[in-house]
1. Which number gives the lysine pairs in the range 312-466 that have C-alpha atoms under 18 Å apart and are eight or more places apart or on different chains?
2. Using only the Cα atoms of the range 421-472, what do you get for the radius of gyration and for Dmax, in Å?
3. Okay, helix-only estimate at 222 nm for the chain: each DSSP H run of n ≥ 4 adds -39500 (n - 2.57), divide by all residues, round to 500 deg cm²/dmol; what do you get?
4. Hand me the tally of lysine pairs in the range 60-209: alpha carbons under 24 angstrom apart, and the pair either on different chains or 8 or more positions apart.
5. So what J values fall out for the range 315-321 if you push phi through Karplus, 6.51 cos²θ - 1.76 cosθ + 1.60 with θ = phi - 60°, rounded to Hz, Gly and Pro as x?
6. Show me, bin by bin at 5 Å from 0, the whole-percent P(r) of the range 365-421 based on Cα pairs.
7. For the range 312-466, give the share of DSSP beta bridges that are antiparallel, in percent and rounded to the nearest 5; count only bridges with both residues there.
8. Round to the nearest 10 and give me the degree value, 0 to 90, for the angle of helix 5-14's Cα axis relative to the longest principal axis of the chain.
Amino acid sequence: MVRDLRSWLDTVNELGLLREIRGADWDLEIGCITDMNAKHKKYTLLFDEIRGYPRGFRVLTGALLDSARVALSLGLPPTLKDMELVKAIKERLSIASTSAKDFEPRYVKSAPVFENTMEGDSVDVYKFPTPRWMAYDGGRYIGTADAVITRDPDEGWVNVGTYRIMIQSKNTATILIEAPRHARPMIDKYWKRNEPCPIAVSLGHHPLIQIFGGMEVPPRMSEYTYAGVMSGEPYEVVKGPVTGLPIPADSEIVIEGYVLPETKPEGPFAEFVGYYAGGVTQSPLIKIEAVHYRDDPIISGTIAGKPPHDYTYFRCPMRAALIWDILEKAGIPGVVGVWCHEAGYSRAFTVVSIKQMYAGQNKLAGYVAAQCRPGAVTGRYVVVVDDDIDPTNLNEVVWAMCSRSDPATGIDVIRDTIGSIIDPLADHSPDKDILEYTGSRGLIFATKPFSKMLRGEFPRVAEPDPETKKKVSEKWRHLFT
C-alpha cells in the first residue's frame, strides 16, 4: 500500500467522500462544520484558504468516519461492513503476537517533511491554521489527531500516542496525558533523572497511525509495529534531527522538543465523552525546539463533543476487535461478535454476542470485556447478548435487554475500577491527583436464562420463518433492494 496522506486523499476523492472547503475561519467555524458534518453527511473535509492564512496551509478532518475509510487506511477492501471489518481486524491481530518483529518500523534517510524547518527563535507554531474548535475551549489545540512520539529511557521501546496539545505561545504548548497512557511513565522516568523528556509530535500523517495512536496497543510494543502488522508492511520512519526519535516518514508537520517538569493551565476542551468535564488542569509544558513541514502542509485535526463526533467511528471496530481477541485468549468460547457503539463514544457501551454453551459463560465474557484494558479505559456498560442478536444493531440489543434481562438478577456492578478525569461524574476535588480517579462499570446480561434455553422452555422469537423469508425476498426483491 502507498502510505501517503495525499495519495490516500486522492482515493477518498475517487470514492466520492471528499469535500474541499475554502474560506472557513480557524476560529470556531472549522470546528462547527466538522461537528455538523460528523452528525450528517460524514464527508472527509479538507479546509484551505483559511482566514488569515495563505493558500496551501490546510486542515483535514473527517478522515475515519465509516468502515470504507477505516478499511482503506488498513489496506483492506473499502467495501467491508461493520462486523466484516471487525473480523478482518481480529484476524490480523493474531500476527501481532507471533510475527511482530517482522513488522518493526523501517528507517529511511530522508522525507518530504524536511522541505521546510523553523529552529530556535524562529519557531512559531502560529504559522499554521490551528483551530479554536469550540467556543468554550481554553485555547487553540494544534494536537487533536496527532502522533506523539516518546521513548522509554530504560527499555528503549517507542510509544506513539494521541494526546491533546494546546498552544501556550509561539514555541511552547501543554500536553494532557492521563494515568493509563504509556507515555506518562516514560516522561516521569526522565524527570526523576532531572532531565527533560525528548518528544516529537506529528501533526499530519496517513490515517493509519491516527488509528493506532488512539488505541490501547499492548505495552512495550510500538504503535509503529502494530500499524505495520495490521497493514501488512513495516511503517517507514525517519530520525528526528533534534531528538533522534523516529518520525513518520509520511508526516506533513512535525514539532520536536522537550517535555519539561513545569506545568501551565490547560483546558477546558470538548472531550470525547460529550462534555467539558475535565475543566482546567495543570499540564506539562513542551518547549518546542524545531518545526519541520512539507510545502503546502496539512494538519490532521479532529473534534470531540457530543457523539457521534468526528472520531467516534474508527475506534468502534478497532476496540471491538481488540476486546474480542482478548476474550478468546482468555479462553472464553462461543464469542460470535463484539461491537463498541458510537453513542457510547466507542468506550462506554460495549456489546458482546455469545453462543451459550454453559451456565455462567455470559458473566465470564462480561467481566473480561469490562476489565481488559481496551474495554476498561473510560468504560461504563457492557451488555452480553445471545448469538441471534446483532451486536451492531441497537434496536436488537435494547430489545434483548428488555426481554431477556431481569433487572433484579441480570445486572452486576464493578465499583472503584479505573477512572478518568474527563468523566462527567468524577469528583474533581482541588487536591486530587490525575492518578487517583476511579469509576464504576455496569454489566447487563441480556441472554436467555441458560436453564430455560437448555430445556427448550424459553419462548420462540416471533418472526417469519426462514423459508418464507427467503421466498418473499426473492419474489418481492424490488421492495427490499
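1. On the way: 329/355; 329/363; 355/363; 355/448; 355/452; 363/448; 363/452.
Number of lysine pairs found: 7.
2. 23.5, 67
3. Details: 14 runs with 133 residues, N = 481.
The per-residue figure over the chain is -8000 deg cm²/dmol.
4. Values: 81/90; 87/101; 90/101; 101/109; 127/170.
So the count of such lysine pairs works out to 5.
5. Once rounded to whole Hz, the list reads 6, 5, x, 5, 5, 4, 5.
6. Calculated P(r), rounded to whole percents: 4, 17, 25, 22, 19, 11, 2, 0.
7. Numbers: 11 of 22 bridges.
For the range 312-466, the DSSP antiparallel bridge percentage is about 50.
8. 50 degrees
No value in this document is a laboratory result; all are computed from the given coordinates. Keep in mind that this is a model prediction, so the values were computed, not measured. FYI the Cβ positions are ideal-geometry reconstructions off the backbone, even for glycines, and counts take in every protein chain you see.
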